[in-house]
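Below is one structure, written out as structure tokens, with a few remarks after it.
Quick note: the coordinates plus some simple rules give every number you see, no bench work behind them. These numbers come from a predicted model, not from an experiment. Reconstructed Cβ throughout: ideal geometry from the backbone, glycine too, with neighbour counts over all protein chains shown.
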Amino acid sequence: MDRKPWLVGVTGASGTPYAAAVLRGLIDAGEDVDLVISQAARLTLIDETGRGVRDKHWQQDVGSWVSRDVSRVRYWSAGDIAAGPASGSYRTKGMIIVPATTASVAGIAAGTSKDLLQRAADVTLKERRRLVIVLRETPLRLSTLDNLRTLALEGAIIMPASPAFYAGATDIDQLVDFMAGRVLDLCDVEHDLYRRWTGTLGAARMVAHAE
């Protein structure tokens, strides 16, 4: 079978719900997924969800985390630098790093490839594939801005985790889904995670408020 997955990298930044929502969106759209979770991300996942991901039991752990069938997901250990995504000959549609730490951004910009996640991002750039970086950090140092500029010049899409409120979100899950939906939009993946702007919602609210 000619499998061509989306590669999803999860780093240790706060924001693992964003990663889960993106994974659910890709799975629901029938996309194949390759998943790499950094060592730091495992700790963050425990802190934010109480769940861990073990290499030997990743199917059970990831399936429980995202509440989906993970039969179309392939898991790679972050320490496996010889894994498929480490090579440009391994075909993917592109890569999403969600959430992304400033440290991972620095490593990718410098090309240090300290683990599989950074190496896969390096490969994605050199092969001219789509790379979406969902940065979860604020405020930003000048060095981080420089690294982001370097990556943008190489073709990466820099997407800060900045959910919008115009879609009528009433809880945190809807804000998370909005961000996940915007990520999937950048990857041309169909979804129904948020209500799209039509140009009339704001006007209707202004009229209602005036009345």
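A few points about this structure:
- Fewest neighbouring Cβ atoms within 10 Å first, the residues Tyr18, Tyr194 line up as Tyr194, Tyr18.
- GNM top mover of Val134, Val98, Val189 - the chain, alpha-carbon springs below 10 Å: Val189
- Cα-centred dipole magnitude for region 1-146, charges only on beta-carbon of K, R (+1) and D, E (-1), debye, nearest 20: 260
- Region 16-91: proportion of alpha-carbon pairs further apart than 18 angstrom, %: 39
- With contributions of -39500 (n - 2.57) from each DSSP H run of at least four residues, the per-residue ellipticity at 222 nm computed over the chain stands at -13000 deg cm²/dmol.
- The Stokes-Einstein estimate for the chain, based on a Kirkwood radius over Cα pairs and taken at 25 °C with 0.890 mPa s viscosity, is a diffusion coefficient of 139 µm²/s.
- Relative to the longest principal axis of the Cα atoms of the chain, the long axis of helix 16-28 makes an angle of roughly 90 degrees.
- Residues Lys93, Lys4 in ascending order of nearby Cβ atoms (within 10 Å, fewest first): Lys4, Lys93.
- Remark: Ile97, Ile158 ranked as Ile158, Ile97, counting other beta-carbon atoms within 10 Å and listing the fewest first.
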